[in-house]
């Protein structure tokens, strides 16, 4: 599979003697986009191997993972169940409507109950309610997902810095495992508190060639600012690369801010991983009354 990489050309990069590339894994699949394709790859193979007919997973109302799992499950002949955090709101937003149109059975859960989703008692209750299923965690992150995301980096990705937006940590963990000891992986978290996330990354990886920069969360997870929306739209106009407002937009804005602050040594090369997530822009645009690329 050939993954396209594009170089960004703007005056400040030339001024700072830096090169910036974007790895377009968002183009891998139109609906199982970006990192979701890599996260689901080996999980779907394992479900087939076990002979399980139903996939069950978790997510919020605008979850990229919910949308991708629904489409991938239907394409591979699985039934799918999505446990959605919060109450049902009609009409359905574009994400949940897409999931239902692709055969996913949606069940809503209070936020307090949802927090128990990883406990053995909770999972036993789900099995009693739904029967046998193959469990895919929220965000798709497990050991098989990390095996898949390690394939994002390829032999020709020799840049000095590898930048990646971070949600549940499965994508950056695979990238850390695939990076060389001459590369530094930089994670741009989408959430403010990352103590638990950092512990997970330590458990999933065996090197220390990474760091997190948590200064670009803006107003918090799933929240945007006027400056972020303007940046995303200007970036799309200038480079024909659409970014999403939860993950890649904040990452790219952070990278260019760091360039201006001389974070990267002169002569360095930077690879930004475009993890997809663009399906969420439509719902966010509708909900907030803003305009984002899709």
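Diffusion of segment 26-78 by Stokes-Einstein, at 20 °C in a medium of 1.002 mPa s and with Rh set to the Kirkwood radius over alpha-carbon pairs, works out to 189 µm²/s.
Across segment 101-191, counting alpha-carbon atoms alone, Rg and Dmax equal 17.3, 50 Å. With 0.36 nm allotted per residue and the present C-alpha distance subtracted, the residue 206-residue 14 stretch has 65.6 nm of extension available. Any chance you could give the angle, 0 to 90 degrees and rounded to 10, that helix 35-50 forms with the longest Cα principal axis of the chain? Helix 35-50 sits roughly 30 degrees off the main axis of the chain. Highest mean packing first, where packing is the average number of other Cβ atoms within 10 Å per residue, the peptides 95-106, 63-74 line up as 63-74, 95-106. Modelled this way, with points 7 Å down the Cα-to-C-beta line, the labels at residue 27 and residue 154 are 1.1 nm from one another. Rg ratio for the chain: its Cα radius of gyration over 2.2 N^0.38 Å, N being its residue count, equals 0.99. The modelled label-to-label distance between residue 214 and residue 117, using points 7 Å beyond Cα along the C-beta direction, is 2.1 nm. Length, then width, then depth: along the principal axes, the Cα atoms of segment 9-48 run 52, 17, 8 Å.
Counting DSSP beta bridges in the chain, what percent are antiparallel, to the nearest 5? Roughly 15 percent of the beta bridges in the chain run antiparallel, per DSSP. Histogrammed with a bin width of 10 Å, the alpha carbon distances of segment 233-294 distribute as 21, 47, 24, 8, 0 percent, first bin at zero.
Give the peptides 246-256, 8-18, 34-44 in descending order of average Cβ contacts within 10 Å, highest first. Present the calculation step by step, with values, prior to reporting the outcome.
Values: 246-256: 24.0, 8-18: 13.6, 34-44: 25.6.
Per-residue Cβ counts within 10 Å, averaged per peptide and sorted highest first, yield 34-44, 246-256, 8-18.
The modelled label-to-label distance between residue 129 and residue 236, using points 7 Å beyond Cα along the C-beta direction, is 3.6 nm. Given segment 35-140 reduced to its alpha-carbon atoms as identical point scatterers, what log10 I(q)/I(0) does the Debye formula return at q = 0.15, 0.17, 0.22 Å⁻¹? With no solvent term, the Cα-only Debye profile gives -0.57, -0.74, -1.24. DSSP beta bridges fully contained in segment 13-117 are about 10 percent antiparallel.
Values quoted throughout were computed directly from the atomic coordinates according to the rules given, and no laboratory measurement underlies them. Keep in mind the model is a prediction, meaning the values are calculated, not measured. All Cβ positions, even for glycine, are placed from backbone atoms using ideal geometry, and neighbour counts span all protein chains on display.
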